[in-house]
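A.B. asks: Attaching a single structure in structure tokens format; questions to follow.
The values are calculated or read from the model by the stated rules, or taken from the named source; none is laboratory data. Treat the numbers as computed from the prediction; the structure is a model and nothing was measured. Cβ placement follows ideal geometry from the backbone for every residue including glycine, while neighbour counts extend to all protein chains displayed. In case anyone asks, the SASA skips ligands and DNA or RNA and just uses the protein heavy atoms, side chains included. Shrake-Rupley method; radii C 1.70, N 1.55, O 1.52, S 1.80 Å.
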Amino acid sequence: MQIRPFHEADRPFLRTLFLAARRENWHWLDGSAWQLEDLDGVIIGETVWVAEQQGKRVGFAAVLENDNFLHSLYVDPDCQRSGVGSALLQFVQSRFTSTGALKCLLHNRAAQQFYRHHGWQSVAQGESEQGSYLLMHYLLPGRR
């Protein structure tokens, strides 16, 4: 698997993936108003990394690097549970310069389990447009 920086040619695929993954995994929300272009507003100002496997785009992660904040991590629903998400997460974690942070929707139990498996810890709870979320932190090795 290769993880590389986003290129503008990736945008149509990432839009499709973002929409499909939310519809597949955020089943408790009404996604009828979601559009392909939603991705564009989400990744403004973020560093986006694209995962490819055998020349096929299979996932992406978007990070606010100055804040060590993982804003988005999405995997093609057909490729979930195949190591793509773990590879993207480990890549992002390796770039953190201090404690990493993310928000995980409270209803997204599978994502919570995934992040906990990779050493993330819940530190607070909050509210967003999509509902309640957990604020999770990842302590760099040696700082745990």
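A.B. asks: Go through Ala9, Ala20 for me and flag whichever is open to solvent by 40 Å² or more (accessible area, probe 1.4 Å), among the aliphatic types (A, V, I, L, M) and touching a residue at least 40 places away in the same chain (Cβ under 8 Å).
C.D. replies: Ala20 is the lone residue from the list that is open to solvent by 40 Å² or more (accessible area, probe 1.4 Å), among the aliphatic types (A, V, I, L, M) and touching a residue at least 40 places away in the same chain (Cβ under 8 Å).
A.B. asks: Here is a list of conditions, (1) open to solvent by 10 Å² or more (accessible area, probe 1.4 Å); (2) in contact with a Phe, Trp or Tyr (Cβ under 7 Å, 6 or more places away or on another chain); (3) at pLDDT 90 or above, and Leu102 meets all of them except one; can you say which number that is?
C.D. replies: Condition (1) is where Leu102 drops out.
A.B. asks: Follow-up. Only residues in segment 32-48 that are under 13 Å from Arg11 (Cα atoms) count as the first member; pair them with residues that are among the acidic types (Asp, Glu) and surrounded by 10 or more Cβ atoms within 10 Å (Cβ to Cβ), Cβ under 9 angstrom, at least 6 apart or cross-chain, and list the lot.
C.D. replies: Val48/Asp10
A.B. asks: Hey, can you tell me all the residues within segment 94-144 that are in a loop (DSSP other than H, G, I, E, B) and closer than 28 Å to Ala33 by Cβ?
C.D. replies: Leu106, His107, Asn108, Glu129, Gln130
A.B. asks: Related question: With respect to Asp76, is the statement that it is of a type in the set (Asp, Glu) and in contact with a Gly (Cβ under 8 Å, 6 or more places away or on another chain) true?
C.D. replies: So Asp76 fits the description; yes.
A.B. asks: Let me ask another. Identify the residue in segment 52-65 that is closer than 13 Å to Ala21 by Cβ and of a type outside the set (Val, Ile, Thr) and, among all such residues, is nearest to the chain's Cα centre (by Cα).
C.D. replies: Looking at the filtered set, the residue picked out is Ala61.
A.B. asks: Being among the basic types (Lys, Arg), outside any helix (DSSP H, G or I), free of Cβ contacts under 8 Å to residues at least 60 places away in the same chain and at positive phi is true for just one of Arg81, Arg57, Arg4. Which residue is that?
C.D. replies: Step by step, each of Arg81, Arg57, Arg4 is checked, and only Arg81 is among the basic types (Lys, Arg), outside any helix (DSSP H, G or I), free of Cβ contacts under 8 Å to residues at least 60 places away in the same chain and at positive phi.
A.B. asks: Specify the residue that is farthest from Met136 (Cα to Cα); the eligible residues are those in segment 105-122 that are open to solvent by less than 60 Å² (accessible area, probe 1.4 Å) and polar (S, T, N, Q).
C.D. replies: Asn108
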